[in-house]
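Here's the structure we're looking at; comments come further down.
The values are calculated or read from the model by the stated rules, or taken from the named source; none is laboratory data. Because the structure is a prediction, the values reported are computed rather than measured. Ideal geometry is used to build each Cβ from the backbone, glycine not excepted, and the neighbour counts take in all protein chains shown.
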Amino acid sequence: MAAEVATFPAKYGRVPHLAVILVGEDPGSVSYVTGKAKASAEVGIRNTTIRKPADITEVELLDIVAGLNADPEVDGILVQLPLPKHINEERVIAAINKTKDVDGFHPLNVAALWQKQPCTLPCTPKGIIKMLKAAGVDIAGREAVVVGRSNIVGLPVAKLLLDENATVTVAHSRTRDLGEVTRRAEILVVAIGRPKFVTADMVAAGAVVIDVGVNRDPESGKLCGDVDFAAIEPKASVITPVPGGVGPMTICCLMENTIECFLRGR
Ligand code: GUN
């Protein structure tokens, strides 16, 4: 991507510009936003990170989004989630100009995804499919189980796996016998946000395991995923580590989405 972006000033007069809005100081969000700025620098994308205190009003935040929408030199807008409780997340996401929605969270992008129409794909699900393909995993006809049904990961990754012709089951906190369901998985995607929630007995031998979780291990204090990596790694055919797996891939896809938004209409 860096090589591609290096050609843009001569072709288009400038490089892509990503604006990131961070509200508050949630440590996870601060670390994501720092990672996004660092990746932007590596790729040659201009990054503006706007940091606002947690007590910003919704109207003030919507004003910032409106300013970025109107700025012809801003190509991508990302509002880091979660937002403080007094702010309506859906309203803020819907306020982002659909063509600048690098997260693919705008309702029109979500609708397009579910109707198989061209759209900006959400970064984490897009990265997961890319990783599976890069690792040579056949998806068509396979049993895929997604644990978690969030708008950010669970639901869109289930849709993308369906589009790749997997047989997809979406499991969640109310699933009756979760282990029975996850053991069916040839491809297991876990995105529930609970440290080491998936144990070795819940995974079939030879499964492909994608761990989307980013948690603090309550025992060691270190970062860990939603799956017990040490116990499952010997059993799985392929598994993503935390940190170092899905997270960096997500950021790569964000860079790619920013470039796509920049190039659209050029
Ligand atoms: N919070 C956790 N993941 C994401 C993401 O992909 N985008 C945004 N904006 N916020 C997040």
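Checking each residue in region 126-183 for being farther than 21 Å from Asp103 by Cβ, in contact (Cβ under 8 Å) with a residue 12 or more places away in the chain, of a type in the set (Gly, Ala, Ser) and part of a helix (DSSP H, G or I) picks out only Gly179. Inside region 188-207, residues that are in contact with a helix residue (DSSP H, G or I) (Cβ under 7 Å, 6 or more places away or on another chain) and of a type outside the set (Ser, Thr, Tyr) make up a count of 8. Taken as a whole, region 214-224 holds no residue that is buried (at least 21 other Cβ atoms within 10 Å of the Cβ) and under 22 Å from Glu180 (Cβ atoms).
His106 fulfils the conditions (1) within 16 Å of the ligand (Cβ to nearest atom); (2) in contact (Cβ under 8 Å) with a residue 24 or more places away in the chain except for a single criterion, (2). Could you please give the count of residues in region 102-121 that are under 17 Å from Ile21 (Cα atoms) and touching a Gly at 6+ places or on another chain (Cβ under 8 Å)? The total comes to 1. Might you let me know whether region 112-130 holds any residue that is surrounded by fewer than 20 Cβ atoms within 10 Å (Cβ to Cβ) and either hydroxyl-bearing (Ser, Thr, Tyr) or within 14 Å of the ligand (Cβ to nearest atom) (or both)? The answer is no, given that none of the residues of region 112-130 is surrounded by fewer than 20 Cβ atoms within 10 Å (Cβ to Cβ) and either hydroxyl-bearing (Ser, Thr, Tyr) or within 14 Å of the ligand (Cβ to nearest atom) (or both).
Filtering region 134-189 to residues that are within 16 Å of the ligand (Cβ to nearest atom) and polar (S, T, N, Q) leaves Ser150, Asn151. The requirement of being crowded, with 20+ Cβ neighbours inside 10 Å and under 23 Å from Gly179 (Cα atoms) is not satisfied by Gly247. Would a scan of region 209-228 turn up a residue that is under 18 Å from Arg142 (Cα atoms), at pLDDT 95 or above and out of contact with any Gly (no Cβ under 9 Å at 6 or more places or on another chain)? Taking every residue of region 209-228 in turn, at least one turns out to be under 18 Å from Arg142 (Cα atoms), at pLDDT 95 or above and out of contact with any Gly (no Cβ under 9 Å at 6 or more places or on another chain).
Listed here are the residues, each with its yes/no results for (1) buried (at least 21 other Cβ atoms within 10 Å of the Cβ); (2) in contact with a Phe, Trp or Tyr (Cβ under 6 Å, 6 or more places away or on another chain); (3) not polar (S, T, N, Q).
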position	(1), (2), (3)
Thr167	no, no, no
Arg184	no, no, yes
Val203	yes, no, yes
Asp211	yes, no, yes
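Close contacts from region 24-35, counting a first residue that is under 13 Å from Pro82 (Cβ atoms) and touching a residue at least 12 places away in the same chain (Cβ under 8 Å) and a second that is within 11 Å of the ligand (Cβ to nearest atom) and of a type in the set (Gly, Ala, Ser), with Cβ to Cβ under 9 Å and a gap of 6+ residues or different chains, come to Tyr32/Gly247. Of all residues in region 211-266, those that are assigned to a strand (DSSP E or B) and touching a Cys at 6+ places or on another chain (Cβ under 6 Å) total 1.
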